[in-house]
Amino acid sequence: DTGVSQDPRHKITKRGQNVTFRCDPISEHNRLYWYRQTLGQGPEFLTYFQNEAQLEKSRLLSDRFSAERPKGSFSTLEIQRTEQGDSAMYLCASSLGVTGGEGTDTQYFGPGTRLTVL
Amino acid sequence: GENVEQHPSTLSVQEGDSAVIKCTYSDSASNYFPWYKQELGKRPQLIIDIRSNVGEKKDQRIAVTLNKTAKHFSLHITETQPEDSAVYFCAALPTGGGNKLTFGTGTQLKVEL
């Protein structure tokens, strides 16, 4: 499968624990995005990387959330001191990127990591 | 920021009928409008998209229309089939928006036999 992959697919944790998710984008895609999706809603933007640089963060991304993309390849999203309100599907997407600036290139989504905080 | 509204939230049609889902957006700077299909427990998959320099785009049974003046765009599915049953999301991306898609709340489409 050459699409976007995410690991784990499911995570159950207790409130207060830290969790980390991984996303592997489509090979050679420069841009990587994290979204959060709750039941009955569309995905909500969290953050976006161009290569290794994190260019934008949503106000939804509290200081308990941190994302990295070392070497501009895979990315990790860590949630510290999880709360029940963090329960959601965390989706990763990637796009090829347009040289020289922002573009309208297609975003391809991974299968998501479903987080349940007890 | 951008705000996208989507209607209806649920849509039930008979197999072979057409289905139409409508979205409105608030930011006149938006210039890219993709539609995603999401089956239960699966990833959102792009089915069609349109850029602001065209008014209509068609791909087999699926078409999207864009009215920039009114700031709305619609998804049209003709000759619906049971496998079209899924949740459909529209989205908008404004120029200068950092490639941040803003999604609608989704439409649950059910195609009945």
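Quick notes on this one:
- Gap separating the Cα centres of the range B:44-87 and the range A:20-86, nearest whole Å: 28
- Low-density loop cleavage sites - GluC sites (Glu not before Pro) in the range B:28-113, where at most 13 other Cβ are within 10 Å (DSSP): B:GLU39, B:GLU79
- The range A:1-98, accessible surface, carbon-and-sulfur percent (1.4 angstrom probe): 44
- Probe 1.4 Å, accessible area per residue of chain A, Å²: 51
- Of the trypsin sites (Lys or Arg not before Pro) in the range A:30-118, those whose Cβ has at most 15 other Cβ within 10 Å and which sit in DSSP loop: A:ARG59, A:ARG64, A:ARG81
- The range B:55-113 - convex hull of the alpha-carbon atoms, volume per residue in Å³: 106
- Relative contact order, percent, chain B [alpha-carbon distance under 8 Å, six or more residues apart]: 37
- Fraction of accessible area attributable to carbon and sulfur, chain B (%, probe 1.4 Å): 47
- All aspartates and glutamates inside 14 Å of B:LYS100 as judged from Cα atoms, apart from same-chain residues fewer than 8 positions distant: A:GLU44, A:GLU56, A:GLU102, A:ASP105, B:GLU2, B:ASP27
- Kirkwood hydrodynamic radius (C-alpha pairs) into Stokes-Einstein, chain A, 10 °C and 1.306 mPa s, D in µm²/s: 111
- Cα-centre dipole for the protein assembly as shown with unit charges at Cβ (Lys and Arg positive, Asp and Glu negative), debye to 20: 560
- Positions from the range B:79-113 whose accessible area shrinks by 40 Å² or more when the full protein complex is built, not the chain alone, probe 1.4 Å: B:GLY98, B:ASN99, B:LYS100, B:LEU101, B:PHE103, B:THR105
- Buried surface for the A/B pair, taken as the accessible area of each chain alone minus that of the pair with a 1.4 Å probe, is close to 1800 Å² in total.
- Convex hull of chain B built on C-alpha atoms - directionally averaged projected area, nm²: 6.7
- Heavy atoms of the protein chains alone define the surface here; on that basis chain B has 49 Å² accessible area per residue at 1.4 Å probe size.
- Taking B:VAL87, B:VAL20, B:VAL54 in turn, the Gaussian network model of chain B (Cα-Cα springs below 10 Å) assigns the largest fluctuation to B:VAL54.
- For B:LYS110, the lysines whose Cα comes closer than 18 Å to its Cα, not counting residues fewer than 8 places off in the same chain, are B:LYS22, B:LYS37, B:LYS42.
- Pairwise alpha-carbon distances in the range B:37-87 exceed 14 Å for 57% of all pairs.
- Descending Cα extents along the principal axes, the protein assembly as shown, whole Å: 49, 43, 33
- Total formal charge among the other residues, if their Cβ is under 10 angstrom from that of B:THR24, Lys/Arg +1 and Asp/Glu -1: +1
- Considering only B:SER30, B:SER74, B:SER52, the Gaussian network model of chain B with Cα springs below 10 Å gives its largest mean-square fluctuation to B:SER52.
- Furthest towards positive pole of dipole, A:VAL117, A:GLN107, A:CYS92, structure part the protein assembly as shown, Cβ charges: A:VAL117
- Simple point charges give the picture: +1 on the Cβ of Lys and Arg, -1 on the Cβ of Asp and Glu, and for chain B a dipole about the Cα centre of about 380 debye.
- At q = 0.26, 0.28 Å⁻¹, base-10 log of I(q)/I(0) for the range A:1-61 (Debye sum, equal scatterers on each alpha carbon): -1.30, -1.30
The values are calculated or read from the model by the stated rules, or taken from the named source; none is laboratory data. Computed from a prediction, not measured in an experiment: that's the story for all the values here. Positions of Cβ are generated from backbone atoms using ideal geometry, with glycine treated the same way; all protein chains shown enter the neighbour counts. Please note that ligands, DNA and RNA were not included when accessible areas were found on the heavy atoms of the full protein model with its side chains. Shrake-Rupley method; radii C 1.70, N 1.55, O 1.52, S 1.80 Å.
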